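Colleague: Dropping a structure here in structure tokens format, bear with me for questions.
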Amino acid sequence: MVRQPRSRSVDWLWWATSSGELQPFLDHPDHDQQEIAREKSAVAVQLARLGDPLVDCLAAIAPDVLADALWRLPNPTRTDTLRALRVPPARRPTPAIAEHALKRLRKQTPSVRGYTAQVVTLPVLRVLLPATLDTDSGALDGEILESLKTTTFPPDLVRLTAIADWGFSCQAAALLRLALTEADLALPGWPADVITDVVAACRRFEAFCRDRMCGASEPPSPLRSLDDALGRARAAADSVTAAVAAGRAPEDADLTMLAHVGPAVTEAREAVGVLVGAEADTLPEDRPGLAAAITAHEAAVHARELAGVDRFRHLAGPPIHAAAIHELRELAADLSERHESWDTADRRRVPALGDLGTLIDTIAADQDDGVDTLAETIRPHLPDPTIVNAALRGRLSWAETPPSDAQDDPPPAPEAPDTPPEPATDPTPTPETTQPTTATAPETDEPDEPEADPEPAEPSPKNPKPTTPSPPPSPSPPPTTPTTPDTAALIGDLIGRGDYVSAYALSTDHPERISALRALAFANGARSDTGALAMSLRDELDEMAMREPSHDRATQLLTVAAAARAAVLCGHSTYGLLQEAACGLGDLPAVAGLARHIATGSAQGLLGGTRNLGALEAPAEAEANAAACAAEAAEALQHPRHLRFPRATSIAQLWWRPEDGLLGRLLRQAAGNDRRDLEEVAEALRRLTKHHELENRLSAIDEEFRNGKGHRLEGPARRRLLEYARESLGTVGRWVDAMRTVAETEAEAESWIAGPLTDLRHTLIADRPAAEQELARLAEHTGDPLTAGAARATAASLAATLDLLDGRPLTGPEPTPESILGLTPPNLT
């Protein structure tokens, strides 16, 4: 039998969906559980008026649909469920076995049947319900309706999911309501008036869940038990007063109710003490005093939350994040203005802002314990989740005064626009030019400035204005000179051939391109996510993220290549860089789409470095083996089979006909490499490999061709036909085994691999051919040699990056950071 929820780490109340299962909770001592059970019972009563809707849904389910649902379950749940249904758990159920499992499921007791249906449909429920925690009714309905419209699940499976799982949450109840109404999934035999009552009960349960679970209820929960006890005591006191006035003894039950008030007060004081963080003995003993303590505590909490929100009016950061910072400031101003009327969504944003402030302070204090977990917790509740990346890098801080969005740079020096700097016209220093008391504009950095005179470069105590900040120590290219067409052609050729050392030495007129070249050199040299080159790559990309996006096509392509490798190999978050570069690649939609998909995977934390790549190796190898077997089947299908005997040739043409031939159809399905054909092909293969099955079929088809005339097919022609048939069956059998290995490796992989990461890998593999074609066309037809070289380099780098997702690691040793460009990288100087 399937293990019952009582033995699992779940709340059995939320699994209960029938009146019988909910009855014990109606008398539960916990007041909250009583209310939940009461609201759920109202829905269960209306559903019971339909008869047994779960049995009706199971009657409409096809065996193959149940087999698909069972195979979606993760292990060991799948194994336990299949064994409980008396189904072999080793491989995917065939249609006949699935029919047997469906009959077993229908014959189970109502309690076990309901729980089994919930277990089977839980993965479907997770797909249909929105991932967001938003419980706003309108937004929730819109997201669920979109899921119902776009889902690939069969309608019968969606209906079973809605009926079995409605009690898990308000989202699940909304799914049942919309499935019965908007999606028109109600069975024809269900009365319309009962459906209307079910929908109304679902709405009440949803409203209850939103009020109770999302903090919208007004009465303070620590006083609920006391309020109930006081209410019963008042009624008992009236009864006792009436009994005394009538001259008779009060009822024992009334006296017991009065005796419950003292323990209820003690319990309420302890609960309030836990809430406000005070000793129970120090709190009042009366209900008004306890309510006043709760009100004072809530006011103090609200004041702290409001102070945490107000801090974001002073948020400061680099210009590249100006839009996200401005949005946070506007949100903080709006929340501060409406602090007395925060709704449910506001009450989720306020703690998120507080946690973001804590994250900024923690990073500033050089303490990183738990920051990654905190960052992932607050991402869904921020207007722009990428601002969390800036916080993790220590790029955000608090300004002394609220900064202006229109003024992120320091004010220009006085007289600088009108008066050119003197040293630029007269490089020879004189006593007059070196006096710190002059009122001329500050000197600018000139590449031809001699280094013999250190005095102009020294800061003057009388002139506190800072000079232009110098970049961090990095490989310094030769003095800037305009790139001639011949030099551009040479640099493009060097980039295209991967000779980044020579290209870097010649690239002097474009700092952004130099930085992208350096990043790509680090990326192509890195072999793991923990080496020195990986650290250099991360530092280089972080510096690039601080600058304005480049509009140079060669720089954009090199940035995509370097950032993609950093995301896949090193697990580095390059969401911002890839999105910005993709925005500039409008004429290369496939390359831009590939970059955006990698950016999304990077932001979601799916690309976690070598650990994830290692976990993908087995599924990728299995898929490659299946593809090779499919190619072998396609080749076997085209193989000519001419025999000397005309009748044998005719039989061969009939058997190997791709459309409906006995063997040609199997080879065609194997060549298509579609997992949905696996069970059909495997079943046909089992029939044809039985003892003497091929010989009997050949005799039968030969008899049809002879029509009672002539001799039977014998000798070499018959033997050759059987050899050809067995070769084709062997080819099909190898594909079946390979495809089963694919399914087994995916089932054995960890859940985080079998789901989103595998889907991302398939998406990137599908994007790859079109992206490679676009880069090849760009390299061939562009008139810019630099762009052509960058396109070739990007194509080669992306190919190696995507090969990592197929389990093909990078080869060769990792060079030292000092030798990668013949110079020392920024993070090592």
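Colleague: Among the trypsin sites (Lys or Arg not before Pro) in the range 680-720, which ones are in a DSSP loop with at most 13 other Cβ atoms within 10 Å of the Cβ? Mind listing them?
Modeller: Sites meeting the loop and neighbour criteria: LYS690, LYS709, ARG712.
Colleague: Provide Rg over Rh for the range 202-325; use the alpha carbon set for both Rg and the Kirkwood Rh (inverse mean inverse pair distance).
Modeller: 1.24
Colleague: How many Å² of accessible area per residue for the range 210-358, probe 1.4 Å?
Modeller: With the other protein chains kept in place, the range 210-358 gives 54 Å² per residue.
Colleague: Follow-up question, since we're still on this one. When only DSSP loop residues count, what GluC sites (Glu not before Pro) in the range 78-182 have their Cβ near at most 16 other Cβ atoms within 10 Å?
Modeller: The qualifying sites are GLU182.
Colleague: Find the relative contact order for the range 275-388 and round it to a whole percent, using C-alpha pairs within less than 8 Å whose residues are 6+ positions apart.
Modeller: Dividing the mean separation by the residue count of the range 275-388 yields 24 percent.
Colleague: Would you please name the GluC sites (Glu not before Pro) within the range 246-285 that are DSSP coil residues with at most 10 other C-beta atoms within 10 Å of their C-beta?
Modeller: GLU279
Colleague: Same structure, new question: What is the sum of charges, Lys and Arg at +1 and Asp and Glu at -1, for the other residues whose Cβ falls under 11 Å from the Cβ of PRO658?
Modeller: +1
Colleague: Same structure, new question: Give me the distance between the Cα centres of the range 683-697 and the range 284-357, rounded to whole Å.
Modeller: Spelled out, the Cα-based centre of one part sits 73 Å from the other.
The values are calculated or read from the model by the stated rules, or taken from the named source; none is laboratory data. Note that the structure is predicted; figures quoted are calculated from it, not measured. Because the Cβ atoms are built from the backbone with ideal geometry, glycine has one as well, and the counts that use them run over all protein chains shown. The accessibility values were calculated without ligands, DNA or RNA, using every heavy atom of the protein model including side chains. Shrake-Rupley method; radii C 1.70, N 1.55, O 1.52, S 1.80 Å.
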